[in-house]
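Read the structure below first, then the notes.
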Amino acid sequence: MENKIKGLLFDFNGTLFFDSELHIRAFKKYFTEHGKEEPTAEFITKNIFGRPNPRIYGDNFNPNYTEEEWQEFADEKEGLYREFCLASPELMQYTKGAYEMLDWLKENNIPFCLATGSGMDNLSFYIENMDLGRWFSLDNIVYFDGSFQGKPEPDTYLLAAKKLGLDPSECAVFEDGTSGIVAARRAGAGAVIGVYEPSMPSPITEDVSCDAIYHDFTQWKEIFKNLGILR
């Protein structure tokens, strides 16, 4: 990795917040309650995580969906997810090392942005229940509002880099999902760092790779030194 990185773009779910199991529970319950075979964790990791709800609904339920249909899907599935979160407060913690890392970035005025497929309902939930506003505001968040194509298309990371006033090639992306890694590559990110739960299936495939892989942020100083952010 060349030391040309000036800004950092973070996925949230499964990266800064290890909530994959909570999303998997919600997807499994939704699928089975709506007459579908229960999806595996590997299927969800590679084909669902990181993608916007309209695409998830279209790929798995009705390719000719209406906006009302995908919104109903999103409301129900994300509602299940938030219920699982509140029922498991011990899981509502930031990934190891993330809290200290984000504090350091803010204190040292390093440009960083949240680039998530979550909608505003979930963001509001994180702000209320996980103190997300400590580091992020609408000035450095890109979330899915239906106005652009979500991951694996590059739009999310193109918009995040633009929020920082940087070219995507000047940004490092931190991702856990196959779709998000593809989106980062398509956007032309200067580096793509995989950060995902060790208990989860790898997002890496024959066609999808990262510049480095970690399972938490405890080595954030090493990561930043490799990126040229920290000397």
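The values are calculated or read from the model by the stated rules, or taken from the named source; none is laboratory data. Worth saying up front: this structure is predicted, and the values here are computed from it rather than measured. Reconstructed Cβ throughout: ideal geometry from the backbone, glycine too, with neighbour counts over all protein chains shown. The protein model used for the area step is the full one, side chains on, heavy atoms only, and it has no ligands, DNA or RNA in it. Shrake-Rupley method; radii C 1.70, N 1.55, O 1.52, S 1.80 Å.
Could you tell me whether any residue of the range 73-93 is part of a loop (DSSP other than H, G, I, E, B) and open to solvent by less than 80 Å² (accessible area, probe 1.4 Å)?
yes
Pairs only if they're at least six apart or on different chains, beta carbon under 6 angstrom, first in the range 205-220 and more than 23 Å from PRO152 (Cα to Cα) and open to solvent by 50 Å² or more (accessible area, probe 1.4 Å), second basic (Lys, Arg) and at pLDDT 95 or above; list them, first residue then second.
THR218/LYS96
Quick test for you: out of ALA183, ALA161, ALA98, ALA172, pick the one residue that is within 22 Å of LYS46 (Cβ to Cβ) and crowded, with 19+ Cβ neighbours inside 10 Å.
So the residue among ALA183, ALA161, ALA98, ALA172 that is within 22 Å of LYS46 (Cβ to Cβ) and crowded, with 19+ Cβ neighbours inside 10 Å is ALA183.
For the range 167-180, does any single residue satisfy the condition of being closer than 19 Å to ASN13 by Cβ and without any contact (Cβ under 8 Å) to a residue 60 or more places away in the chain?
No: zero hits.
Across the range 2-35, which residue is nearest to VAL192 (Cα to Cα) among those that are in contact with a helix residue (DSSP H, G or I) (Cβ under 6 Å, 6 or more places away or on another chain) and aliphatic (A, V, I, L, M)?
Restricting to residues being in contact with a helix residue (DSSP H, G or I) (Cβ under 6 Å, 6 or more places away or on another chain) and aliphatic (A, V, I, L, M), the top hit is LEU9.
Quick check on my filter: what residues within the range 188-204 are of a type in the set (Gly, Ala, Ser) and open to solvent by less than 10 Å² (accessible area, probe 1.4 Å)?
Selection gives ALA191, GLY194.
Exactly one of (1) farther than 22 Å from VAL208 by Cα; (2) open to solvent by 30 Å² or more (accessible area, probe 1.4 Å); (3) at pLDDT below 95; (4) not in a loop (DSSP other than H, G, I, E, B) is unmet by ARG55. Its number?
Only one criterion in (1) farther than 22 Å from VAL208 by Cα; (2) open to solvent by 30 Å² or more (accessible area, probe 1.4 Å); (3) at pLDDT below 95; (4) not in a loop (DSSP other than H, G, I, E, B) is unmet by ARG55, namely (1).
Residues being outside any strand (DSSP E or B) and modelled with pLDDT of 90 or more: count how many of those fall in the range 194-220.
Number of matching residues: 12.
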